[in-house]
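Below is one structure; the comments refer to it alone.
No value in this document is a laboratory result; all are computed from the given coordinates. Owing to the predicted nature of the structure, the values given are computational and were not obtained by experimental measurement. Neighbour counts run over all protein chains shown; Cβ positions are idealised from the backbone, glycine included.
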Amino acid sequence: MDYLRIIQMLLDSHTYAEITASMNCSRRDISTAKKAIETHQITTANIGQISHARLAEIFPDKRKVVSAIYSEPDFELVAEKLQRNRFFTLQQAWMKYTDLDDGQKKYSYSRFCSKFQQHMRTHDLVATLQHEPGKAMFVDWAGPTLAVVDAVTGEQFKAYFFVASLPYSSMVFAKAYPNMRQDAWNRAHVDALEFFGGVPQMIVPDNAKTATHYRQNRKNSAQGEAREVVVTKSYAALADHYGTAIVPARPGKPRDKAHVERMVQVVETMILGYLAEVDFESFEELNEAVRGRLDHVNSKVHRTNGVSRAELFASSEAERLKPLPSHRFEQVEYKQLKVGPNYHVNCDYQYYSVPYQLVGRTLSVRLTQTRVTVIDGSAVVAEHARLEGRRGQHSTLQVHIPVQHKDVSGLWSRDWFIAHAQSFGPATVEVIVAVLDRAAVEAQAFVECRNIVKGLGAKHRSLLEPACKYLLDRGGYSSYSGLKRIIAAMAQEEKSPARTAVPVPEAVKDLSAESARTQQFVRAPGHYSMGGGQ
């Protein structure tokens, strides 16, 4: 805590609220400083005469006694070994550190890594190591996004682009992901390491929320370091699995991340710029196109040295990377989910089947990046590949489907939905039948049918039948989203009697898809001044 600054603000008549906001301190810290002013008779005239030694006497660090019992690692030696030996890891350094018999306590592995990261940042070693082959991988998200448009519904999904690069060879990796959350961030790192075929000594991210967070650091506050950067638990687990270190770029130090910013610009101009006017209906299709452009970027010969990124990587950097572990990192998450009447569990808006006898039960669901495992007690009752992309997809195993839905209490069935639709009218029945008949497995349509008869039907009972008739008369696609748009237009029409026409829902959907296809990709001004060597 910077008590000297707090004292100065108190002497300048700042309020407690102003001081806490400015110094990120507690009211107790301010009270401590105020008491010191009274005890030691500090004034505006003599505050400038207070030395650091005197300040330490006035505000003794009670934790120094605790810290003194811990053996401090020789991080300069660790950094030197990381530079010399490509097989040397932080875990090996920590094990050597814990083997020292010096009569002092040893830091845990996580604390050891945290202190090493701080050492690297404060001693300006990030920029020093980044241009040695196999030492560092820089990572970041690109700014622009592209759209993936569902061919059936016209719904748009943003594609976010992760960029990773090895600064020695400038070998670059890029791939599209549906979001920038922690699971996508971790998965992108796994994909990047597998693309490069090995693991660098360190990974240098920007200070994204999925990479780091801040923790109050009272110990070094007198030197102006009120907060320390801490790697997120999940990200640290990934680094531990691959035997690498996370060394975040320092805020306000553009030299630390200059390389990755250049590579992001390369990806934006030479990959996204070429693909912005292309229609993509799935992330698989988009990433296939990205990989094609990526191969072009990495194989393009530089004007400056006459070799490509891929050639320099293969000749000088690939062998300096550490081998990948025997299995890939997978983040595991558990959820407790109730089985719906359609004998599926709803997990992140995707549906996975279980044996129909388990309808109404709450089961444990184990989630990894690629698999969904459903567990009843200690028994695995279902396992599916994890679905991505458009919400509302179904993974249904034939063995889970009951022979006759109507004979099983608590289950939804075709007859159940048709009977409910009949209470609205024949057009509603026709729409429900169309939705049921369209599904590869009938149960996959049950949620959409429920949304129509129980959702729209309950909220807009008088409008559902006219909306279904309107849809059918125009040959529209029978869906919940289409009916929702029609009903919204009809409801608006009732509120605005002067208007005489109801917008055609298909046109709304077509307009949405067309907007995604014709979006403009504007390159940054710096693109036009870039050298051809990029």
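Extension gain, Gln49 to Asp295, is 82.2 nm, computed as 0.36 nm per intervening residue step minus the present C-alpha separation.
Averaging 1/r over each pair of different alpha-carbon atoms in segment 3-60 and inverting the result gives 11.5 Å, the Kirkwood hydrodynamic radius. Think of segment 351-477 as having a plus end and a minus end, set by charges on the Cβ of Lys, Arg, Asp and Glu; of Val381, Asn451, Ala434, Asn451 sits farthest toward the positive end of this dipole. With a simple spin-label model that places each label point 7 Å from the Cα along the Cα-to-Cβ direction, the separation between Ser108 and Ile37 comes to 4.0 nm. Could you calculate the FRET efficiency of Arg328 with Glu261 from 1/(1 + (r/R0)^6), where r is the beta carbon distance between them and R0 is 35 Å, rounded to 0.05? Working from the Cβ atoms, E equals 0.80.
For the pair Glu277 and Glu383, label points projected 7 Å from Cα toward Cβ lie 4.8 nm apart. Applying 1/(1 + (r/R0)^6) with R0 = 25 Å to the Cβ-Cβ distance of Tyr477 and Glu285 gives a FRET efficiency near 0.70. The overall shape of segment 364-405, judged from the alpha-carbon gyration tensor, is oblate: a/c is not under 1.5, and a/b is no greater than b/c. Sorted on the mean count of surrounding Cβ atoms within 10 Å across their residues, most packed first, peptides 182-194, 309-321 read 182-194, 309-321. Here the Kirkwood formula, the inverse mean of 1/r across different C-alpha pairs, assigns segment 333-406 a hydrodynamic radius of 12.3 Å. Built from the Cα atoms of segment 413-503, the convex hull projects on average onto 5.5 nm², one quarter of its surface area.
Modelled spin-label separation between Ile69 and Val307, with each label point placed 7 Å from Cα along the Cα-to-Cβ direction: 5.5 nm.
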